[in-house]
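The values are calculated or read from the model by the stated rules, or taken from the named source; none is laboratory data. Keep in mind the model is a prediction, meaning the values are calculated, not measured. Every residue, glycine as well, gets a Cβ built from its backbone with ideal geometry; the counts of neighbours run over all protein chains shown. Quick note on the areas: whole protein, heavy atoms, side chains included, nothing else; ligands and nucleic acids left out. Shrake-Rupley method; radii C 1.70, N 1.55, O 1.52, S 1.80 Å.
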Amino acid sequence: MIIPPFIILLVTVVVLASLGKSLGLRQKYVQFLLKVFEDNNERLGTHEFELGDCLDYIRTGMEAIVDDEVTKRFSAEELTSWNFLTRTNCQYEFISIRLTIFWVVGFILRYCLLLPLRILILTIGVGQRHGGFLSIFQRALSRASAHIWFERSEAKDRFAVARRLREHVEDPDKLPILIFPEGTCINNTSVMQFKKGTFEVGGIIYPVAIKYDPRFGDAFWNSSKDSMVSYIYMMMTSWAIVCDVWYLPPMTKREDESSIDFANRVKANIARQGGLVDLVWDGGLKRSAPKKEWKQQYQQEFSRRLKVQNVNSEKKEEKTE
Amino acid sequence: MGNKSSLMLQEQDIKDIQEETGFLPGQIERLYSRFTSLDKGDNGSLSREDFLRIPELAINPLGDRIVHAFFKESEDDHVNFRQFVRVLAHFRPIKHNQENNLNAREEKLRFAFKMYDLDDDERISREELLAVLHMMVGENISDEQLNSIAERTILEADTDGDQMISFEEFCAALERSDVEQKMSIKFLK
């Protein structure tokens, strides 16, 4: 019973094919299959809205209030044990005579011995370079000529900037460029997002991992809290500035890699070597609010998982598209 | 320096807070340290901007509502440390026989209820539900569809027929969900 219609179909298809046309059966079959898959997948993943759907958002919001990964990167690192500097102990309380004595001795050592010593070294060091302050100025200027200067209008043009950087990098006589890709001061417990601009220019990147030991003196300059002078003063009255520097093997951008991926790859290497937390967050969050797109992403995710019904029908029909 | 000393936590304060909230002294000190680090102006209290400066909170779709929950009790649009801890106490995990009046299941549910009930009339109206839905979906779902979701939700939960959800109806609707776990966070000592 099936055979005659089947043979007719077969003959039709062959005839059409020899004429260069087709019924499009294969396409229709594939499209039908895809639609079936999509519809069922959507159904599997969606659920009806419940009053309890907000609970997860509330909890993650509260967790962020109690502790978050970003805001603590912009103030000095908290130490696990006191290093006898009152600046690292925000809630100074009298605990014991012994600790107080240690602190007083430390205070005398730092302010009456180390501080004068360091000021002395600074003045002698400055004086020794022939001519004193004037020659400092001259040397600074000569170093500045190796800088890459931009006109203000040029600085706004990203392509112009990238072109100038590339010219500099490709010239073998020019000095290598020193780059701090986070774009702002962070407290050295983490590495934050690297700006992708430098990673687009090409050339070889030589990553350098730097980690200060905060127990001897915190090198972090909280520019919104301390002026440069008080920062220098704090540096000079610390125990010491102890810093580990690792020069990592050179890296280049791979063919199939975007500059953002390359930047993240370099960042991961530096974080791993220095024992720092690798964060995706932008250091610019120190001064500005996060982009709206992040919130919109959450909203999209939530909407996607929500079962939505067609409003324009008497009986409730599931959304078929 | 002098200003900071007036902000320091006294022993008696810690005891009072422990009594009221059930937090341990170590937890209270940690929360105080967090409070002062959020307090950028150093005035012993937090404003809404201080909260929303936390990026993870600013991008939370319900971020504004959560912040609002802290300011319900305050008169001058600022939250002091007592009020701060009192709100957080609702999220203390429940341990057997250690329930106090702030983190009991009913209190957690009441906190969630207040997320919806903006005008504090002990009822969630359709508009209030729509407002929260809108915050959670953004522009991705049309108003008519949101309306139908809100109507259906109220229909299912509303047992006394007043077209609004009371606190009892709310609790009944959430009877089967694991409120204790969803509304608890780990506080480090």
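Evaluated at 37 °C with a viscosity of 0.692 mPa s, what Stokes-Einstein diffusion coefficient in µm²/s does segment B:55-189 have when Rh comes from the Kirkwood expression over alpha-carbon pairs? The calculation lands on 201 µm²/s. Under a Gaussian network description of chain B, with springs only between Cα atoms under 10 Å, the residue in B:64, B:77, B:160 that fluctuates furthest is B:160.
Per residue, the accessible area of segment A:246-297 comes to 66 Å², computed with a 1.4 Å probe over protein heavy atoms only. By definition, a body whose alpha carbon gyration tensor gives a ≥ b ≥ c is oblate when a/c is 1.5 or more and a/b is not larger than b/c, and segment B:55-105 fits this oblate description.
Charge tally around residue A:238: other residues with Cβ under 15 Å, Lys/Arg +1 each, Asp/Glu -1 each, net 0. Remark: mean inter-chain Cβ contacts per residue of B:172-183 equal 3, using a 10 Å Cβ-Cβ cutoff to other protein chain atoms.
Among the listed pairs A:292/B:114; A:195/A:225; A:291/B:189; A:72/A:174, which are separated by more than 28 Å between their Cα atoms?
The pairs that break the limit, which is 28 Å between Cα atoms, are A:291/B:189; A:72/A:174.
Over chain B, dividing the summed -39,500 (n - 2.57) contributions of all DSSP H runs of at least 4 residues by the number of residues returns a 222 nm mean residue ellipticity of -16000 deg cm²/dmol.
Per-residue surface analysis assigns residue B:15 an accessible area of about 120 Å², computed on protein heavy atoms at 1.4 Å probe radius.
Straightening the chain between residue A:79 and residue A:174 buys 30.0 nm, computed as 0.36 nm per residue apart minus the Cα-Cα spacing.
Solvent exposure of residue A:231, expressed as accessible area, is near 40 Å², computed with a probe of 1.4 Å over the protein chains only. Largest first, the extents of the alpha carbon coordinates of the protein assembly as shown on the three principal axes equal 108, 74, 40 Å. For the chain pair B and A, the buried solvent-accessible surface (1.4 Å probe, both sides summed) amounts to about 4500 Å². Put B:171, A:112, A:54 in order of accessible area, highest first, and with a 1.4 Å probe you get A:112, B:171, A:54.
Accessible surface ranking for A:15, B:179, 1.4 angstrom probe, highest first: A:15, B:179.
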